[in-house]
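Engineer: Take this structure, written in structure tokens, and hold onto it; I'll ask about it next.
The values are calculated or read from the model by the stated rules, or taken from the named source; none is laboratory data. If you're wondering where the values come from, they're calculated on a predicted model, not measured in any experiment. In this analysis, Cβ positions are derived from the backbone assuming ideal geometry, glycine residues included, and neighbour counts consider all displayed protein chains. We work out accessible area using only protein heavy atoms, side chains counted, and drop any ligands, DNA or RNA first. Shrake-Rupley method; radii C 1.70, N 1.55, O 1.52, S 1.80 Å.
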Protein chains: 2
Amino acid sequence: MELGRRVMGRKLVLTLVLAGLARAAELPLMPMPRKVTPAQGELKIDSSFGVVTSGYSDFRLDAAVKRFLTRVERQTGQALVKSDRPTLAIDCRERGSDYPTLGDDESYELEVSTAAARLQAHTVTGVLRGLETLLQLIGPGPDGWRVPAVKIEDQPRFAWRGLMLDVARHWMPIAVVERNLDGMAAVKLNVFHWHLSDDQGFRVESKRYPRLHQNGSDGNYYSQAEVRQVVAYARDRGIRVIPEFDIPGHTTAWFAGYPELASAAGPYAIERKWGVFQPTMDPSREETYTFLDNLIGEMVALFPDPYFHIGGDEVEGTQWKKSPSVQAFARAHRLAGQKDLQAYFNGRASKLLKKHGKIMIGWDEVLTNGLFPDTVIQSWRGQASLAEAAAKGYRSVLSFGYYLDHLQPASDHYAVDPLDGKARDLPPEQAARILGGEACMWSEYVSAENVDSRIWPRMAAIAERFWSPREVRDADSMYQRLEEVSRWLEWSGLEHRSASRRILSRISGGAPEETLRILADASEALGIEGRREARRYTSLTPLNRFVDAVPAESELARNLAHDVSRLPDAAAEAELRSAFTQWSEIETRMLLNPALTGGAGTELLPRALDLSSLGSIGLRALDFLLNGQPAPADWLREKNAELDRVERPAAEMKLAGVLPVRLLLSRIEPQRVANKGVRCGNEPGCNRTTTVLNWKFPQHRLKITLKQRSDRQVE
Amino acid sequence: MELGRRVMGRKLVLTLVLAGLARAAELPLMPMPRKVTPAQGELKIDSSFGVVTSGYSDFRLDAAVKRFLTRVERQTGQALVKSDRPTLAIDCRERGSDYPTLGDDESYELEVSTAAARLQAHTVTGVLRGLETLLQLIGPGPDGWRVPAVKIEDQPRFAWRGLMLDVARHWMPIAVVERNLDGMAAVKLNVFHWHLSDDQGFRVESKRYPRLHQNGSDGNYYSQAEVRQVVAYARDRGIRVIPEFDIPGHTTAWFAGYPELASAAGPYAIERKWGVFQPTMDPSREETYTFLDNLIGEMVALFPDPYFHIGGDEVEGTQWKKSPSVQAFARAHRLAGQKDLQAYFNGRASKLLKKHGKIMIGWDEVLTNGLFPDTVIQSWRGQASLAEAAAKGYRSVLSFGYYLDHLQPASDHYAVDPLDGKARDLPPEQAARILGGEACMWSEYVSAENVDSRIWPRMAAIAERFWSPREVRDADSMYQRLEEVSRWLEWSGLEHRSASRRILSRISGGAPEETLRILADASEALGIEGRREARRYTSLTPLNRFVDAVPAESELARNLAHDVSRLPDAAAEAELRSAFTQWSEIETRMLLNPALTGGAGTELLPRALDLSSLGSIGLRALDFLLNGQPAPADWLREKNAELDRVERPAAEMKLAGVLPVRLLLSRIEPQRVANKGVRCGNEPGCNRTTTVLNWKFPQHRLKITLKQRSDRQVE
């Protein structure tokens, strides 16, 4: 493009049209309800706030109202005093089931006027959902706390909306589980899938086979009383608990106490590494099934939900291949290979579950012939598995695309729909067999300390996919609401934001964590794929490094990118200048702290240097843009190359701060400018060119349209 | 001074000598032990860290070791695995008392070598103290977590080292009490004085007189089981619990249930306002003493400590004056006035306590004739009261100077010594009656949410005054260690830093709290004196405003002031530039958030404007200084006037950020420069003037000495 060179001494008038990212005052609700009808005015929430209930009521409802009032107090910082003012009237029409059940009526209607709020639901679970919506609506107004007047009619799209938490690879104490149940309830999830055993740990007390938890957990297991406590805690919040005991693979930790269960001779020890391992249960010995029969018999007493997960994924095969007795057994039963053997094993397991009154759920691999028709398939491989299961008459749940440990942007998960792909073309009666979805939090690279930050806030976006109408798909709207809801989630007890500060504070060794926070806010941690090869991780490696405090997705980078698009707006400029200045000074500031020059600093100083560089480029580019000066071509070339370099991951993280600086450079780069240039013709006096630019950043779901008008003075 | 005008085109060479504030690597210990002998090398703290005990051991010691290991895990982010490596050997020589007792041996010796650590103490309490010291020493090193090799011999200076918490004026739930007990143990305090009743609340369940807590607490009281739980929790941490039931004044809440106790007819209701009120117990009715006899009889069963506090302060007098029966009683008993009446009442109360096996402690006012010789006086009036009590043979505890609700700088409290003033001149046997001190946290203007931030970290500085040798008085050293210990204290469960963020987050209404944090970090909240008249506060007024999230003392302002003194050091410049830029942009950034333009913004926007102004002045001054340019006199005059304006409190807070900017201006202001100018004589070639400047900022305990050498070129 010659535009840049031909236009001299020009005055740039920038008009910016931002697609989708407009920050209109959308209600901070997530998941977005089915129908929201705004009204005029608002309801004041002061210390006289009170609740009155009518219709059906039980201990769950009473406890929920109590928790609700405590949370109103916490969110507003106002102690509520007993008052006769029934600010919120709750009407629960039916008893519903005491223990939450698949297919429960979770609908509710919430109507807020300037005088009062009214919440109606058929069941206690519906009331629970509505209370969360109301809590999300409480915000500060000019005269104190208030809820905008609104009418909401809501009900979920899918009946199965879950989170799977792996407590085997890293131990998660009760407190972690409970605060995540609070978070789940806050975004209307209703299934907690508890991955209780794997090669690295068996996490439940067994009175029948005590060496399971004694030899298989390093002492980190839930007592049966604690399991009951968690189940009751979840029930009170309208959440079903589904235990998973993964068999016949992923069972090394079982064999530490009971080596006779394995297909090869022991001894075995708890696995400390990550991966898929050889130890597999022996499908040829009747004793294996007796053991499972007894264990399942013991465990079903702890878990009231009718569904019971037996895993069934990633059977490695070596032990079976090498075992003469297993091979002899296969021949005797005409089982052609590993797949048949596993089908046999699954068949036996499913019969045991049926005997104990349970419905089997398993990962893709369990989808073989001879399953009971009520079996549920959980797909980690994609919607094709769902479609296949549905066509065969089975119900299913999607987890593919919802793997939180990959640390993908929320928008990636948000774009995945259980009814997309092959599932889209299913006839309605088959599509109805797709019950919903479950996000998965595998715990190779998370600890009890930072697991919240790997689940949240992204889980809330997935929860919206499961709850809200299919048409709710706008990622910009999602991000706008997600940021608000993310902060609100900390009020329900999650620590996804505060935990990061604690880790940074620890690394800073008594000095302010401010410096590292600046670096962390501009960074994004790599997911499991990026960390696997980075160093020799085992389950004993402490997850206490900088990367463990870095978010999965940088809110700051996204907001600064938005600010770039709003320039020359003064507030946007102020945010950018403030951030870029902090970045540009960070390397020097790190030198102030001895804890950051040795030790942790060894890997962080180079990254700090990179961020300093980004900040300096950003400041300079900001000046070019706001002074209406074109940047020298050499400078641009050099700085773009620098951005390319800085963008490469290192120290198990990437610098998300590259995005806004990249955008800024694109705005002062005449050579790259212009998808379309519109000029007036040769009529006398015309000296105007309008250039329309479109920038797309698909990985950030960001589209920016820039209209640039140049008023030229022709030389 | 003509210096500025006469020196032209000069080159300024700035050499800076900083008095006292040198940041040498002092061990982050608080309170400072009696004797610290550094050694070579360090002890590695990795996942194999283990503890072995020898000598005497009991349930308290076992529980303490367990807590200690958990805290090591939390501080290092490393899960400890069982190992045979006894990194720490604990040797407890004697049984000591199960319940901590005044005068217990709390001494310990801690020796850390590169191979292991050894902790020796006579009692379990001594072990507890030593474990806290060891935890404070754990920090990050180049190769992971470590403790520097050192030998520490330690014991307290005073036997009574306390914190009084007022749970009557604002309710403090058990969790608040317990985490503050953890904080107390962390800095080796040993007395928790629990102010359980006042006009605004009676906070303990009484089975004998249930209307005390039923009518006097709004439902916010401790059950007797909870009281026992707190006492046990404190005992495990080597802390005595002393209850206070304040009589005969400060008793309105008692009269809500038992109006017949008052000296005037009821009815009474819980007092909602702050101040000194008329309702006072009737000293003339025998039933009053019967009631107290029964109540004390009930309460002594909950509190094993031999000391029992009956308050006795601020009797207002009106009810007694106006009551014919009280006046008749006074005449009959030849009691001349209010003072005599109170002395009579105290005498009766002290006999009741004696009957129930307790030793009386009361505020200054109880110091009248006829007290039992073991009575302890707690002075809120000053060391003169201590001296008077000591001279009369009574023991005493100082609280004057340690009133945390005044929100004075830590250095103010730190400078107060129980043995200063009139107490300094006491003969040794009388001085020995001064048992120590107690900081007081009155709760008119703190809530459960922010009380930690009003107690901590300043309490740690006071704890050092009570524990460490008298000679440990250097405020700069104190501040340097306090900042590190403050962060460390959050690891023991306190929320003095994190709670502030939560309040800011709430006010920000779903938007990032970053903007308000910048303002808060540069601010200091006013204490009780500054807030009393600011608005109509009652116990029902929510403490959820910006001022409630602002620290008592700005660490940032102190550090930036230090940075100014270190200029032209690059790291100091980076910190200053970063902060000043953030400040200068803050007003514009606030406009981004609708929650901050209405509502809370009404009082905050003017303050944000002030901080923006400070930031801009700072940036400009920084440029003047670093370019070696003198600032124009007009500019300086104008900006100093601006600082004077900005320094004035508003919105119940002051901008501590004025300090570093003020200091910076002083460095570029030739007119103000010079306490002493030293010039070489008239010898040829001499063109040098050395100016020595001393700046004192007593309110910040900051002294800066600046040596400025001017190499002149005479015109």
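Engineer: State, as an integer percentage, the relative contact order of chain A based on alpha-carbon contacts under 8 Å between residues 6 or more apart.
Structural biologist: Once divided by the residue count of chain A, the mean separation gives 14 percent.
Engineer: 7 Å along Cα→Cβ for the label point: how many nanometres lie between A:T368 and each equivalent label in the other copies, listed shortest first?
Structural biologist: Label point to label point, same position, other copies: 9.2 nm.
Engineer: Here is a follow-up. Can you work out the Karplus-derived ³J(HN,Hα) for every residue in region B:583-595? Use 6.51 cos²θ - 1.76 cosθ + 1.60 with θ = phi - 60°, whole Hz, and x for glycine or proline.
Structural biologist: For region B:583-595, the Karplus curve yields 4, 5, 9, 5, 4, 4, 5, 4, 5, 5, 10, x, 5 Hz.
Engineer: While we're on this one: For B:S217, which sequence-distant residues (separation of 5 or more, or a different chain) have an amide H within less than 5 Å of its own amide H, given hydrogens modelled in the peptide plane?
Structural biologist: Amide H neighbours of B:S217, under 5 Å, 5+ apart: B:F202.
Engineer: Here's something else I'd like to know. Using DSSP, restrict attention to beta bridges with both residues in chain B and report what percent are antiparallel, rounded to the nearest 5.
Structural biologist: Bridges in chain B that DSSP calls antiparallel: roughly 55 percent.
Engineer: Using only the Cα atoms of chain A, build the gyration tensor, take square roots of its eigenvalues as a ≥ b ≥ c, and label the shape rounded, prolate or oblate: rounded if a/c is under 1.5, else prolate if a/b is larger than b/c, else oblate.
Structural biologist: Taking the square roots of the gyration eigenvalues as a ≥ b ≥ c, chain A is prolate.
Engineer: Using θ = phi - 60° and the Karplus form 6.51 cos²θ - 1.76 cosθ + 1.60, what ³J(HN,Hα) does each residue of region A:67-81 get, whole Hz, x for Gly and Pro?
Structural biologist: Computed from phi, the couplings for region A:67-81 are 4, 4, 5, 4, 6, 4, 4, 5, 5, 9, x, 10, 6, 7, 10 Hz.
Engineer: Still on this structure, I have one more. Roughly what would the spin-label model give for B:R470 and B:R85, points 7 Å off Cα along C-beta, in nm?
Structural biologist: Taking the simple label geometry, B:R470 and B:R85 are separated by 4.5 nm.
Engineer: In region A:575-620, what residues drop by 30 Å² or more in accessible surface going from the chain by itself to the full protein assembly, probe 1.4 Å?
Structural biologist: A:E575, A:S578, A:T581, A:Q582, A:E585, A:T588, A:R589, A:L592, A:G599
Engineer: Are there GluC sites (Glu not before Pro) in region B:23-86 that DSSP marks as loop and that have at most 15 other Cβ atoms within 10 Å, and which are they?
Structural biologist: Of the GluC sites (Glu not before Pro), the ones in loops of region B:23-86 whose Cβ has at most 15 other Cβ atoms within 10 Å are B:E26.
Engineer: Can you list which of the trypsin sites (Lys or Arg not before Pro) found in region B:166-237 are DSSP loop residues with at most 10 other C-beta atoms within 10 Å?
Structural biologist: Answer in residue order: B:K207.
Engineer: Same structure again: Set Lys and Arg Cβ to +1 and Asp and Glu Cβ to -1, take the dipole of region B:494-556 about its Cα centre, and tell me which of B:A499, B:L519, B:L540 lies farthest positive.
Structural biologist: B:L540
Engineer: Hey, what's chain B come to in accessible area per residue, 1.4 Å probe, Å²?
Structural biologist: Per residue, chain B has an accessible area of 37 Å².
Engineer: Still on this structure: Do any GluC sites (Glu not before Pro) in region A:407-479 lie in a DSSP loop with no more than 11 other beta carbon atoms within 10 Å, and if so, which?
Structural biologist: The qualifying sites are A:E471.
Engineer: Using a 1.4 Å probe on the protein chains only, how many percent of the accessible area of region B:458-513 belongs to carbon and sulfur?
Structural biologist: 49
Engineer: Rounded, prolate or oblate: which one fits region B:478-607, using the alpha carbon gyration tensor with axes a ≥ b ≥ c (rounded when a/c is under 1.5, else prolate when a/b beats b/c, else oblate)?
Structural biologist: oblate
Engineer: For region B:526-592, with all protein chains present and a 1.4 Å probe, just round the carbon and sulfur fraction of the accessible area to a whole percent.
Structural biologist: 47
Engineer: Taking the Cα centre of region B:53-209 as origin and charging only Cβ (+1 Lys, Arg; -1 Asp, Glu), how large is the dipole, in debye to the nearest 20?
Structural biologist: It comes to approximately 300 debye.
Engineer: Suppose you put the label 7 Å out from Cα in the Cβ direction; list, shortest first and in nm with one decimal, how far A:D58 is from each other copy's label.
Structural biologist: Relative to the other copies, A:D58 has label-point distances of 4.9 nm.
Engineer: Still on this model: State whether the protein assembly as shown is rounded, prolate or oblate according to the following rule on the C-alpha gyration tensor (a ≥ b ≥ c being the square roots of its eigenvalues): a/c under 1.5 gives rounded; otherwise a/b larger than b/c gives prolate, and the remaining case gives oblate.
Structural biologist: Cα axes put the protein assembly as shown in the oblate bin.
Engineer: Can you tell me the FRET efficiency between B:A633 and A:E638 if r is taken as the Cβ-Cβ distance and R0 is 51 Å, rounded to the nearest 0.05?
Structural biologist: Computed FRET efficiency for B:A633 and A:E638 comes out at 0.75.
Engineer: Considering only B:S107, B:P142, B:A186, whose Cα is most displaced toward the positive end of the charge dipole of region B:68-208, charges sitting on Cβ of Lys, Arg (+1) and Asp, Glu (-1)?
Structural biologist: B:P142
Engineer: Could you report the buried accessible area between B and A, both sides summed, computed with a 1.4 Å probe and given in Å² to the nearest 100?
Structural biologist: So the buried area, both faces added, is about 3900 Å².
Engineer: For A:Y222, enumerate residues with amide H under 5 Å from its amide H, sequence gap 5+ or separate chain, H modeled in the peptide plane.
Structural biologist: Hits under the 5 Å cutoff: A:V204, A:E205.
Engineer: Something else: Based on the Cβ-Cβ distance of A:R211 and A:R331, what FRET efficiency does E = 1/(1 + (r/R0)^6) give at R0 = 35 Å, to the nearest 0.05?
Structural biologist: Here the calculated transfer efficiency is 0.60.
Engineer: Hey, another quick one. Once Lys and Arg get +1 and Asp and Glu get -1 on their Cβ, which of B:G615, B:A600, B:A557 lies farthest toward the positive end of the dipole of region B:494-643?
Structural biologist: Towards the positive end, the residue furthest out is B:A600.
Engineer: Per-residue HN-Hα couplings for region A:133-145, Karplus 6.51 cos²θ - 1.76 cosθ + 1.60 at θ = phi - 60°, whole Hz, x for Gly and Pro?
Structural biologist: Karplus-based 3J(HN,Hα) across region A:133-145 equals 4, 5, 4, 5, 7, 6, x, x, x, x, 10, x, 6 Hz.
Engineer: State the three equivalent ellipsoid semi-axes of region B:30-150, derived from the C-alpha gyration tensor as the square roots of 5 times its eigenvalues, in descending order and whole Å.
Structural biologist: Values for region B:30-150, descending: 24, 17, 12 Å.
Engineer: Can you pick out the pairs among A:K35/A:K66; A:K322/B:K82; A:K273/A:K354; A:K44/A:K151; A:K151/A:K188; A:K66/B:K273 whose Cα atoms lie more than 25 Å from each other?
Structural biologist: Exceeds cut-off: A:K35/A:K66; A:K322/B:K82; A:K273/A:K354; A:K66/B:K273.
Engineer: How far is A:G628 from itself in the other copies, in nm, if each label sits 7 Å out from Cα along the Cα-Cβ line, shortest first?
Structural biologist: So the label point of A:G628 gives 3.8 nm to the other copies.
Engineer: On to the next question. Nearest the rotation axis from B to A, which residue of chain B has its beta carbon, and at what whole-angstrom distance?
Structural biologist: Residue of B nearest the axis onto A, distance in Å: B:T581, 2.
Engineer: Count the DSSP beta bridges whose two residues both fall in the protein assembly as shown, then state the antiparallel fraction as a percent rounded to the nearest 5.
Structural biologist: 55
Engineer: Let me ask you something else. Can you give me the Cα centroid spacing of region B:128-156 and region A:86-127 in angstrom?
Structural biologist: 55
Engineer: Sort out for me the Cα centre separation of region A:376-452 from region B:369-393, rounded to whole Å.
Structural biologist: 74
Engineer: Which whole-angstrom value gives the distance between the alpha carbon centres of region B:277-327 and region A:267-304?
Structural biologist: 68
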